[in-house]
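The values are calculated or read from the model by the stated rules, or taken from the named source; none is laboratory data. The structure displayed is predicted, hence computed values, not measured ones. We place every Cβ from the backbone using ideal geometry, glycine too, and count neighbours over all the protein chains shown. These accessible areas exclude ligands, DNA and RNA; they are computed on the full protein's heavy atoms, side chains included. Shrake-Rupley method; radii C 1.70, N 1.55, O 1.52, S 1.80 Å.
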Amino acid sequence: MEKFFEKLMYESRWIMAPIYLGLSLMLLVLGVKFFQEIWHILPIIFDMHEVDLVLITLSLIDITLVGGLIVMVMFSGYENFVSQLDVDEGCEKLSWLGKLDADSLKNKVAASIVAISSIHLLKVFMNAENISNDKIMWYLLIHITFVLSAFAMGYLDKITRTSKQIATNTAVNSTAVNNSGSK
């Protein structure tokens, strides 16, 4: 009975596969929105103020960063939690595939969120005359929260890696001492 439950639990990881596939649909939606924004500015590009063009450009950068985040989560999550991606020899393979473990993915997602928040905050500051001060304060506080959270996660990851290295070195040294003492 125990083996059955363990196998069932292990196989249930495949429930995540359609969720990762759903992320690829969101990538498609972002692509449509990206080109919709470009299509809207083309007829008015010569009449636009520079600030407006910069704001639209920042929005497009925002969409691009979110798209990159989706790709990273989609592929790394699938590889970490479902199954390895079998990419044919002749096909192009992303250099980071198979190298992002769950901790690395978590840190990269946190850094991406901080980058996206930074772009959004820059858009807010460039449009500050149209936004109330209390809203700007909230945007800033939320951004600072993202930055501090990403920093804390990175620091905790560093502490964990250092502790694991110390434990591994201690175990290796202990084994070496035991082996030399038994000779």
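Which of Thr64, Thr145, Thr168 moves the most in a Gaussian network model of the chain with Cα springs under 10 Å? Highest fluctuation among the options: Thr168. Of the trypsin sites (Lys or Arg not before Pro) found in the stretch 41-121, those that fall in a DSSP loop while having at most 14 other beta-carbon atoms within 10 Å are Lys93, Lys99. Note on Glu50 and Gln165: their simple-model spin labels are 4.7 nm apart, each label 7 Å out from Cα toward Cβ. One equal scatterer on each Cα of the stretch 51-92, no solvent, Debye formula: the resulting log10 I(q)/I(0) at q = 0.24, 0.25, 0.31 Å⁻¹ is -0.82, -0.84, -0.96.
Using C-alpha pairs under 8 Å with a sequence gap of at least 6, the mean separation divided by the residue count of the stretch 42-162 gives a relative contact order of 29 percent. Note on the chain: with a GNM built from Cα contacts shorter than 10 Å, the maximum mean-square fluctuation among Gln165, Gln84, Gln36 falls on Gln165.
Multiplying each eigenvalue of the alpha-carbon gyration tensor of the stretch 60-127 by 5 and taking the square root yields semi-axes of 29, 14, 8 Å, largest first, rounded to whole angstroms. What is the calculated FRET efficiency for Leu85 to Met26, with r their C-beta to C-beta distance and R₀ = 22 Å, to the nearest 0.05? About 0.70, to the nearest 0.05.
Can you give me the accessible area per residue for the stretch 51-139, using a 1.4 Å probe, in Å²?
59
GNM remark for the chain: springs join alpha carbons under 10 Å apart, and the peak mean-square fluctuation among Gly68, Gly22, Gly77 falls on Gly22. Within the chain, the percentage of alpha carbon pairs spaced more than 19 angstrom apart rounds to 74%. P(r) for the stretch 20-78, from all Cα pairs and a bin width of 5 Å, is 4, 18, 24, 19, 13, 10, 7, 4, 2, 0 %, short bins first.
On the protein heavy atoms, probe 1.4 angstrom, tell me the percent of accessible surface of the chain carried by carbon and sulfur.
67
Can you give the angle from 0 to 90° between the axis of helix 133-181 and the longest principal axis of the chain, with both taken from C-alpha atoms, to the nearest 10? Orientation of helix 133-181: about 20 degrees from the principal axis. Residues Glu37, Glu92, Glu2, ordered by accessible area of protein heavy atoms at a 1.4 angstrom probe radius and largest first, appear as Glu92, Glu2, Glu37.
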